[in-house]
Amino acid sequence: MLNKFVAGRDLESFQLIGESWQLVDRDEEISVLKSPYYSMRNLHDLWVNQKEEIFGRNAPPTTRFPLIVKILDCRLPTSIQVHPGEKIATKYGWEKKTEFWFFLTTLPGSSIYLGFKQAISPNLLKELIGKKAIIQYLNRIPTFNSHGILVLSGQIHAVGEGNLILEIQDNSDTTFRIYDWERPNENGSLRQLHYWESVLSVSLEPNNPKLLSPEEISVEQNYFAIKRIELEAGQFYAYHMDGASFLYLFFCWW
């Protein structure tokens, strides 16, 4: 499904679980300008040298552009995982991550896992790490095209198979795996699980997360705000830029 949204990519490159980093400023991956802007050649150069001029007077005092925008093509479920919250991330030198998922395309029966159905103890969590039984304790939420959901730092989660997702997230690549479906990696061995990191990071309180309908998508977080706009053929939308922030537009059509 990913090649519908990422021009020039070969479908064969995304046979299982694929992702495309659309907007990113990290050491290991960075968005490059199509044409250099004076001496600046990538997103990081713009952030360092033209922060207020390009990203607005409210741009945060971070050393890098604070967001990553991705497209995720989940043909198999992702690992059940957690990202640490700000307090624990700061203590251990990790990166916090809150993310928003917008479902571009979903297959019949597709779903996600998000949060615990009931409170569990740290000892029970330790027993469940690496075991399929953990999914019995998680909320399973059916997914639908053009819907969305906010995934907060500390919430246990996984994307089920059959979801093509636009993801907007904090600039973080800290992920702790709790269960990975006993899948071998390219070397034939199982991927590492993160026991003590997960216990420290995950929220054990129950919640009842709600999938947002297309009309309900209007979300504000620390570094990003998201709004869905639907236009019919011939319609237009005007947005007044007052210099406070930048605007990232992602277009899709069916």
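In the set (1) farther than 27 Å from E19 by Cα; (2) open to solvent by less than 30 Å² (accessible area, probe 1.4 Å); (3) within 22 Å of the chain's Cα centre (by Cα), the condition left unmet by L125 is number (3).
Identify, please: which residue in the stretch 105-140 is in contact with a Lys or Arg (Cβ under 8 Å, 6 or more places away or on another chain) and outside any helix (DSSP H, G or I) and is, among those, modelled with the lowest pLDDT? Don't jump to the end; show me each part of the working.
Taking the stretch 105-140 first, the residues in contact with a Lys or Arg (Cβ under 8 Å, 6 or more places away or on another chain) are 105, 111-113, 137-139.
Cutting the leftovers down to outside any helix (DSSP H, G or I) gives us 105, 111-113, 138-139.
On the way: T105: 95, S111: 98, I112: 98, Y113: 98, L138: 98, N139: 98.
The qualifying residue modelled with the lowest pLDDT is T105.
Looking only at residues of the stretch 180-209 that are of a type in the set (D, E, K, R) and at pLDDT 95 or above, we find that the one that is nearest to the chain's Cα centre (by Cα) is D180. The criterion of at least 1 residues that are open to solvent by 60 Å² or more (accessible area, probe 1.4 Å) and out of contact with any Gly (no Cβ under 7 Å at 6 or more places or on another chain) is met by the following strands (runs of 3 or more DSSP E) wholly inside the stretch 26-101: 32-37, 40-42. When the test is whether a residue is crowded, with 16+ Cβ neighbours inside 10 Å, hydroxyl-bearing (S, T, Y) and modelled with pLDDT under 95, S20 passes it.
Of all residues in the stretch 194-205, those that are more than 17 Å from K131 (Cβ to Cβ) and of a type outside the set (S, T, Y) have Cβ atoms under 6 Å from Cβ atoms of residues that are modelled with pLDDT under 95 and assigned to a loop (DSSP other than H, G, I, E, B), 6 or more apart or on another chain, in E205/A119.
The values are calculated or read from the model by the stated rules, or taken from the named source; none is laboratory data. From a predicted model like this one, the values you see are computed outputs, not experimental measurements. Heads up, the Cβs are rebuilt from the backbone with ideal geometry, glycines too, and the neighbour counts pull from every protein chain shown. Note: accessible area is taken over every heavy atom of the protein model, side chains too, but ligands, DNA and RNA are not part of it. Shrake-Rupley method; radii C 1.70, N 1.55, O 1.52, S 1.80 Å.
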